[in-house]
1. Determine the order of 10, 38 by accessible area, beginning with the largest, at a probe radius of 1.4 Å.
2. Given [x] 31, 20, 16; [y] 56, 19, 14; [z] 37, 19, 13 as candidate values of semi-axes √(5λ) of the Cα gyration tensor in Å, which corresponds to the one derived from the coordinates?
3. On a straight-distance basis, which aspartates and glutamates could pair with residue 31 in a cross-link, Cα separation under 14 angstrom, same-chain partners fewer than 8 positions away excluded?
4. How far apart, in nm, are the 7 Å Cα→Cβ label points at residue 173 and residue 20?
5. Rounded to the nearest whole Å², what accessible area per residue is found for the range 120-236 with the 1.4 Å probe?
6. So for the pair residue 185, residue 82, with labels modelled 7 Å out along Cα→Cβ, what separation do we get in nm?
7. For a test of the definition: using alpha carbon positions, the gyration tensor, and the 1.5 limit on a/c, classify the range 126-175 as rounded, prolate or oblate.
8. Using only DSSP helix segments of four residues or longer, with each worth -39500 (n - 2.57), what per-residue ellipticity at 222 nm results for the chain after dividing by its residue count and rounding to 500?
Amino acid sequence: MSEIKALLFDVFGTVVDWRTSLIDNFTSWGKAKGIKGDWTALVDGWRAAYMPSMDEVRRHPERGFVILDDLQRQSIEPLAAKLGITGLTPGDFDYLTRGWHSLKPWPDSVGGLTRLKTKFIIGPLSNGNVALLTNMAKHAGLPWDLVLSAEVFGHYKPDREAYLGAAKILGLTPGEVMLVAAHNNDLAAAQSFGLKTAFVPRPTEYGPHQNRDFGPEGSWDYVVKDFNDLADKLGC
């Protein structure tokens with residue numbers, strides 16, 4: 001695999017633990033504000049709205065691309081109302097939305113990425129918008145060389161424009177780029193467009209609701225335990 005020059009990473013679930021981060025954040029915030037709610041249900045419901053909201057953008061290209069922060073902000077108010085969480089101001093909803101900017105990394109993420117950075121260009125290839133990913137990197141200490149976002153390409157994964165656009169912007173061929181992800185569908189799309197692939201399991205990403213991605217479901221170039229295992233295999 002000596003032709004690989006860049007490693008791009010799915011972020012939500014692969015690099016950061018979005019579920020635990022958000023539940024802990026919102027639970028402590030709600031307690032401090034005196035606002036009661038089922039924050040676990042809110043976080044799980046919010047994530048369930050993630051893909052449908054992006055599909056809506058795909059169905060209506062005439063409306064233009066909408067960044068993830070805006071999609072998340074649109075989703076949160078009706079979801080909170082459905083769950084009976086009341087008394088929230090527009091500023092409160094803005095705060096909850098920005099919770100996605102301060103997610104915590106998995107224990108192996110920062111150390112593993114730092115090792116991989118010694119040999120490869122590393123960066124996210126995420127549906128998160130640029131500001132979100134940049135703020136997250138600052139908060140979590142993620143040592144990216146650059147930030148690549150669906151916002152840059154005006155297309156959400158798994159659209160081809162995201163994967164091929166990432167290779168193009170790096171001045172590389174698709175075969176010189178490897179996507180690292182905990183999600184088999186993301187890897188399948190990347191592979192179909194000529195990228196190399198590495199699967200890393202995150203079996204607790206969805207907590208008790210996890211029902212997929214416990215192991216590899218395709219012929220990926222690498223299957224590893226975590227980022228440090230990937231660094232070992234790539235000689236970093």
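1. Working: 10 15, 38 85 Å².
The ordering from most to least exposed comes out as 38, 10.
2. It is the value labelled [x].
3. 92
4. 4.1
5. On the way: 4700 Å² over 117 residues.
I get 40 Å² per residue for the range 120-236.
6. Computed distance between label sites residue 185 and residue 82 equals 1.7 nm.
7. Numbers: a/c = 2.78, a/b = 1.55, b/c = 1.79.
Cα axes put the range 126-175 in the oblate bin.
8. Working: 11 runs with 110 residues, N = 236.
That calculation yields -13500 deg cm²/dmol at 222 nm.
The values are calculated or read from the model by the stated rules, or taken from the named source; none is laboratory data. Keep in mind that this is a model prediction, so the values were computed, not measured. With ideal geometry, Cβ positions are generated from the backbone for all residues, glycine too; neighbour counts draw on all protein chains shown. Accessible surface is based on the protein model in full, side chains and every heavy atom, while ligands, DNA and RNA are left aside. Shrake-Rupley method; radii C 1.70, N 1.55, O 1.52, S 1.80 Å.
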